[in-house]
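Asker: Before anything else, here's the structure in question.
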Amino acid sequence: MGCGALLRGNYLLLVPALAAVVAWEWRGGGARRAVGGAALFVASALIPIAPFTIHNYRASGDFILTTAQAGTAFYLGNNPENVSGGIHNVSFNRQIPEYEADDWKREAERRVGHALTRKEVSSFWFAAAWNHIARDPGLGWWLGLVAKKAELVVNRYEIPDNTTIEYVARVSPLVRWSPARFATVAPLGLVGLAILLGGWRRRLPLLLACAVYAGTLLLFPYPTASARRSRRS
(Lines give C-alpha, C1' and ligand atoms only; values in the text may rest on other atoms or scores of the structure.)
Protein backbone atom coordinates (compact mmCIF):
# COMPACT_ATOMS: atom_id res chain seq x y z
CA MET A 1 0.00 0.00 0.00
CA GLY A 2 2.85 2.36 0.78
CA CYS A 3 4.59 1.63 -2.53
CA GLY A 4 1.32 2.17 -4.36
CA ALA A 5 0.89 5.57 -2.71
CA LEU A 6 4.22 6.66 -4.20
CA LEU A 7 2.72 6.08 -7.65
CA ARG A 8 -0.90 7.12 -7.01
CA GLY A 9 -1.42 9.58 -4.18
CA ASN A 10 -5.06 8.57 -3.66
CA TYR A 11 -3.83 5.22 -2.31
CA LEU A 12 -3.08 7.14 0.88
CA LEU A 13 -6.83 7.30 1.52
CA LEU A 14 -6.98 3.51 1.46
CA VAL A 15 -4.59 3.24 4.41
CA PRO A 16 -6.99 4.52 7.12
CA ALA A 17 -9.90 2.62 5.51
CA LEU A 18 -8.07 -0.71 5.64
CA ALA A 19 -6.67 0.09 9.07
CA ALA A 20 -10.28 0.33 10.22
CA VAL A 21 -10.88 -3.14 8.75
CA VAL A 22 -7.91 -4.49 10.72
CA ALA A 23 -9.27 -2.95 13.91
CA TRP A 24 -12.68 -4.49 13.21
CA GLU A 25 -11.21 -7.93 12.51
CA TRP A 26 -9.09 -7.85 15.66
CA ARG A 27 -11.76 -6.43 17.97
CA GLY A 28 -12.27 -9.85 19.54
CA GLY A 29 -8.94 -9.48 21.34
CA GLY A 30 -9.98 -6.27 23.03
CA ALA A 31 -9.64 -2.58 22.22
CA ARG A 32 -5.87 -2.54 22.79
CA ARG A 33 -5.27 -5.36 20.28
CA ALA A 34 -7.61 -3.78 17.72
CA VAL A 35 -5.93 -0.38 17.95
CA GLY A 36 -2.48 -2.00 17.96
CA GLY A 37 -3.24 -3.98 14.80
CA ALA A 38 -4.51 -0.87 13.01
CA ALA A 39 -1.45 1.10 14.11
CA LEU A 40 0.86 -1.68 12.89
CA PHE A 41 -0.85 -1.65 9.49
CA VAL A 42 -0.47 2.14 9.17
CA ALA A 43 3.17 2.02 10.28
CA SER A 44 3.92 -0.72 7.74
CA ALA A 45 2.35 1.33 4.96
CA LEU A 46 4.42 4.37 5.94
CA ILE A 47 7.76 2.52 5.82
CA PRO A 48 8.24 2.81 2.00
CA ILE A 49 7.04 6.43 2.13
CA ALA A 50 9.35 7.54 4.96
CA PRO A 51 12.51 8.16 2.85
CA PHE A 52 10.56 10.49 0.56
CA THR A 53 8.95 12.31 3.46
CA ILE A 54 12.38 12.86 5.01
CA HIS A 55 13.72 14.11 1.70
CA ASN A 56 10.78 16.53 1.35
CA TYR A 57 11.36 17.90 4.85
CA ARG A 58 15.07 18.40 4.25
CA ALA A 59 14.40 20.10 0.92
CA SER A 60 11.51 22.36 1.95
CA GLY A 61 11.22 22.40 5.74
CA ASP A 62 7.60 21.21 5.41
CA PHE A 63 6.12 17.88 6.46
CA ILE A 64 4.94 16.49 3.09
CA LEU A 65 4.26 12.74 2.89
CA THR A 66 4.81 12.28 -0.85
CA THR A 67 4.04 15.35 -2.97
CA ALA A 68 2.43 18.76 -2.45
CA GLN A 69 0.11 18.54 -5.47
CA ALA A 70 -3.07 17.15 -3.91
CA GLY A 71 -4.63 20.59 -3.55
CA THR A 72 -4.05 21.59 -7.16
CA ALA A 73 -5.36 18.24 -8.42
CA PHE A 74 -8.45 18.61 -6.24
CA TYR A 75 -9.05 22.11 -7.60
CA LEU A 76 -8.69 20.87 -11.18
CA GLY A 77 -11.43 18.34 -10.51
CA ASN A 78 -13.76 20.71 -8.66
CA ASN A 79 -13.95 24.20 -10.11
CA PRO A 80 -16.47 26.02 -12.35
CA GLU A 81 -14.12 25.93 -15.35
CA ASN A 82 -14.33 22.12 -15.36
CA VAL A 83 -17.30 21.06 -17.48
CA SER A 84 -16.17 17.56 -18.48
CA GLY A 85 -14.96 15.97 -15.24
CA GLY A 86 -11.52 15.54 -16.79
CA ILE A 87 -8.26 17.43 -16.82
CA HIS A 88 -8.69 20.83 -18.39
CA ASN A 89 -6.78 24.06 -18.83
CA VAL A 90 -7.55 26.59 -16.12
CA SER A 91 -6.97 30.10 -17.36
CA PHE A 92 -3.83 30.79 -15.33
CA ASN A 93 -1.96 27.49 -15.73
CA ARG A 94 0.14 26.00 -18.51
CA GLN A 95 -0.23 22.20 -18.54
CA ILE A 96 3.45 21.65 -19.18
CA PRO A 97 5.35 19.84 -16.41
CA GLU A 98 8.19 22.36 -16.59
CA TYR A 99 5.88 25.26 -15.70
CA GLU A 100 2.64 24.06 -14.15
CA ALA A 101 3.74 23.79 -10.50
CA ASP A 102 5.16 27.32 -10.56
CA ASP A 103 2.03 28.62 -12.31
CA TRP A 104 -0.15 27.25 -9.52
CA LYS A 105 2.17 28.79 -6.91
CA ARG A 106 2.31 32.14 -8.67
CA GLU A 107 -1.48 32.44 -8.96
CA ALA A 108 -2.04 31.43 -5.32
CA GLU A 109 0.49 34.02 -4.16
CA ARG A 110 -1.15 36.67 -6.36
CA ARG A 111 -4.51 36.00 -4.73
CA VAL A 112 -3.27 36.06 -1.13
CA GLY A 113 -0.72 38.82 -1.66
CA HIS A 114 2.33 37.14 -0.14
CA ALA A 115 4.78 34.26 -0.67
CA LEU A 116 3.64 30.71 0.06
CA THR A 117 5.44 27.42 0.59
CA ARG A 118 4.53 24.45 -1.60
CA LYS A 119 2.49 22.97 1.23
CA GLU A 120 0.62 26.25 1.70
CA VAL A 121 -0.06 26.38 -2.04
CA SER A 122 -1.69 22.94 -1.87
CA SER A 123 -3.80 24.00 1.12
CA PHE A 124 -4.84 27.19 -0.66
CA TRP A 125 -6.19 25.31 -3.69
CA PHE A 126 -7.98 22.77 -1.49
CA ALA A 127 -9.75 25.68 0.24
CA ALA A 128 -10.52 27.40 -3.09
CA ALA A 129 -12.19 24.25 -4.45
CA TRP A 130 -14.27 23.76 -1.31
CA ASN A 131 -15.35 27.42 -1.52
CA HIS A 132 -16.62 26.83 -5.08
CA ILE A 133 -18.55 23.75 -3.92
CA ALA A 134 -20.00 25.55 -0.87
CA ARG A 135 -21.26 28.45 -3.02
CA ASP A 136 -23.01 26.11 -5.49
CA PRO A 137 -26.79 26.49 -4.98
CA GLY A 138 -28.18 23.07 -4.14
CA LEU A 139 -24.87 21.52 -5.22
CA GLY A 140 -26.37 21.07 -8.70
CA TRP A 141 -23.23 21.98 -10.66
CA TRP A 142 -20.94 19.94 -8.44
CA LEU A 143 -23.16 16.85 -8.32
CA GLY A 144 -23.44 16.99 -12.12
CA LEU A 145 -19.65 17.04 -12.31
CA VAL A 146 -19.40 14.05 -9.96
CA ALA A 147 -21.93 12.18 -12.13
CA LYS A 148 -19.73 12.73 -15.19
CA LYS A 149 -16.75 11.31 -13.32
CA ALA A 150 -18.84 8.32 -12.20
CA GLU A 151 -19.66 7.63 -15.84
CA LEU A 152 -15.95 7.61 -16.62
CA VAL A 153 -15.33 5.09 -13.81
CA VAL A 154 -17.54 2.48 -15.50
CA ASN A 155 -16.78 3.49 -19.10
CA ARG A 156 -15.56 0.66 -21.33
CA TYR A 157 -12.85 2.91 -22.76
CA GLU A 158 -9.58 2.99 -20.82
CA ILE A 159 -8.69 6.66 -20.55
CA PRO A 160 -4.91 6.79 -21.01
CA ASP A 161 -2.45 8.71 -18.90
CA ASN A 162 1.21 7.93 -19.56
CA THR A 163 0.35 4.77 -21.48
CA THR A 164 -2.63 2.69 -22.56
CA ILE A 165 -3.42 -0.93 -23.38
CA GLU A 166 -3.80 -0.07 -27.07
CA TYR A 167 -0.30 1.38 -27.15
CA VAL A 168 1.30 -1.57 -25.35
CA ALA A 169 -0.50 -3.97 -27.71
CA ARG A 170 1.52 -2.57 -30.62
CA VAL A 171 4.71 -4.07 -29.23
CA SER A 172 3.41 -6.96 -27.10
CA PRO A 173 1.73 -9.95 -28.80
CA LEU A 174 0.63 -11.21 -25.38
CA VAL A 175 -1.36 -8.03 -24.75
CA ARG A 176 -2.51 -7.79 -28.37
CA TRP A 177 -4.02 -11.29 -28.33
CA SER A 178 -5.43 -11.11 -24.82
CA PRO A 179 -9.19 -10.60 -24.41
CA ALA A 180 -8.54 -8.64 -21.22
CA ARG A 181 -9.48 -4.99 -21.61
CA PHE A 182 -10.58 -2.19 -19.35
CA ALA A 183 -14.25 -3.19 -19.66
CA THR A 184 -13.65 -6.88 -18.83
CA VAL A 185 -11.02 -6.88 -16.10
CA ALA A 186 -13.16 -5.22 -13.40
CA PRO A 187 -16.27 -7.46 -13.84
CA LEU A 188 -14.11 -10.60 -13.96
CA GLY A 189 -12.29 -9.44 -10.86
CA LEU A 190 -15.58 -9.01 -8.99
CA VAL A 191 -16.71 -12.48 -10.09
CA GLY A 192 -13.42 -13.95 -8.93
CA LEU A 193 -13.75 -12.12 -5.64
CA ALA A 194 -17.19 -13.62 -5.11
CA ILE A 195 -16.16 -17.17 -6.06
CA LEU A 196 -12.71 -17.55 -4.52
CA LEU A 197 -13.15 -15.83 -1.18
CA GLY A 198 -15.47 -17.49 1.31
CA GLY A 199 -17.69 -15.32 3.49
CA TRP A 200 -18.30 -11.57 3.39
CA ARG A 201 -15.75 -10.91 6.14
CA ARG A 202 -12.91 -12.20 3.95
CA ARG A 203 -14.16 -10.11 1.03
CA LEU A 204 -14.54 -6.95 3.09
CA PRO A 205 -10.97 -5.56 2.77
CA LEU A 206 -10.90 -5.88 -1.03
CA LEU A 207 -14.47 -4.64 -1.44
CA LEU A 208 -13.74 -1.66 0.79
CA ALA A 209 -10.51 -0.93 -1.10
CA CYS A 210 -12.42 -0.96 -4.41
CA ALA A 211 -15.15 1.30 -3.02
CA VAL A 212 -12.75 3.81 -1.47
CA TYR A 213 -10.54 3.93 -4.55
CA ALA A 214 -13.56 4.46 -6.81
CA GLY A 215 -14.66 7.22 -4.44
CA THR A 216 -11.33 8.99 -4.79
CA LEU A 217 -11.79 8.96 -8.57
CA LEU A 218 -14.90 11.10 -8.10
CA LEU A 219 -12.92 13.78 -6.26
CA PHE A 220 -10.17 14.37 -8.80
CA PRO A 221 -10.16 14.98 -12.57
CA TYR A 222 -9.94 12.32 -15.25
CA PRO A 223 -7.34 12.83 -18.02
CA THR A 224 -9.96 13.20 -20.75
CA ALA A 225 -7.82 15.66 -22.66
CA SER A 226 -5.20 12.90 -23.02
CA ALA A 227 -7.93 10.56 -24.24
CA ARG A 228 -8.91 12.99 -26.98
CA ARG A 229 -5.32 13.32 -28.10
CA SER A 230 -4.99 9.50 -28.16
CA ARG A 231 -8.10 9.15 -30.32
CA ARG A 232 -6.87 11.72 -32.81
CA SER A 233 -3.52 9.99 -33.12
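Asker: Give the residue from F220, L14, F52 lying farthest towards the positive end of the charge dipole for the chain; charges sit on Cβ (+1 for Lys and Arg, -1 for Asp and Glu) and the dipole is referred to the Cα centre.
Answerer: In the chain, that residue is L14.
Asker: Mind checking which lysines have their C-alpha under 19 Å from K105, skipping anything on the same chain fewer than 8 residues away?
Answerer: The reachable lysines, counting only those whose Cα sits under 19 Å from K105, are K119.
Asker: If you plug each phi of segment 6-12 into the Karplus form 6.51 cos²θ - 1.76 cosθ + 1.60 with θ = phi - 60°, what whole-Hz ³J(HN,Hα) values come out, in order, with x for Gly and Pro?
Answerer: With the stated coefficients, segment 6-12 comes to 6, 8, 10, x, 5, 4, 4 Hz.
Asker: I've got another one for you. Any idea what the relative contact order of the chain is, in percent, if you count C-alpha pairs under 8 Å spaced at least 6 apart? It would help to have the intermediate numbers written out before the result.
Answerer: Values: 237 pairs, mean separation 57.5, N = 233.
Relative CO of the chain lands at 25 percent.
Asker: Let a ≥ b ≥ c be the square roots of the eigenvalues of the Cα gyration tensor of segment 6-94; is it rounded (a/c under 1.5), or, if not, prolate (a/b larger than b/c) or oblate? Could the numbers behind the result be given before it?
Answerer: Working: a/c = 4.02, a/b = 1.76, b/c = 2.29.
Taking the square roots of the gyration eigenvalues as a ≥ b ≥ c, segment 6-94 is oblate.
Asker: Using the heavy atoms of the protein chains and a 1.4 angstrom probe, tell me the accessible area per residue for the chain in square angstrom.
Answerer: On the way: 14500 Å² over 233 residues.
Each residue of the chain exposes 62 Å² on average to a 1.4 Å probe.
Asker: Could you work out [θ]222 nm for the chain from helices alone, using -39500 (n - 2.57) per DSSP H run of at least four and dividing by all its residues? Round to the nearest 500 deg cm²/dmol. Before the final figure, lay out each step's value.
Answerer: Values: 13 runs with 152 residues, N = 233.
Calculated mean residue ellipticity at 222 nm is -20000 deg cm²/dmol.
Asker: In addition: Counting only protein heavy atoms, what percent of the accessible surface of the chain is carbon or sulfur at a 1.4 Å probe?
Answerer: Of all accessible area on the chain, carbon and sulfur atoms account for 65 percent.
Asker: Give me D for the chain in µm² s⁻¹, whole number, from Stokes-Einstein with Rh from the Kirkwood sum over alpha-carbon pairs, 4 °C and 1.567 mPa s.
Answerer: Here the translational diffusion coefficient equals 64 µm²/s.
Asker: Moving to a separate point now. Any chance you could list the semi-axes, whole Å, largest first, of the equivalent ellipsoid that the Cα gyration tensor gives for segment 1-40, using √(5λ)? Walk me through the numbers before you get to the answer.
Answerer: Values: eigenvalues 117, 12, 6 Å².
Rounded to whole Å, the semi-axes are 24, 8, 6.
The values are calculated or read from the model by the stated rules, or taken from the named source; none is laboratory data. Keep in mind that what you see is a predicted model, and the values were worked out from it rather than measured. Positions of Cβ are backbone-derived with ideal geometry, glycine not excepted, and every protein chain shown enters the neighbour counts. Keep in mind that these areas ignore ligands, DNA and RNA; they rest on the heavy atoms of the full protein, side chains included. Shrake-Rupley method; radii C 1.70, N 1.55, O 1.52, S 1.80 Å.
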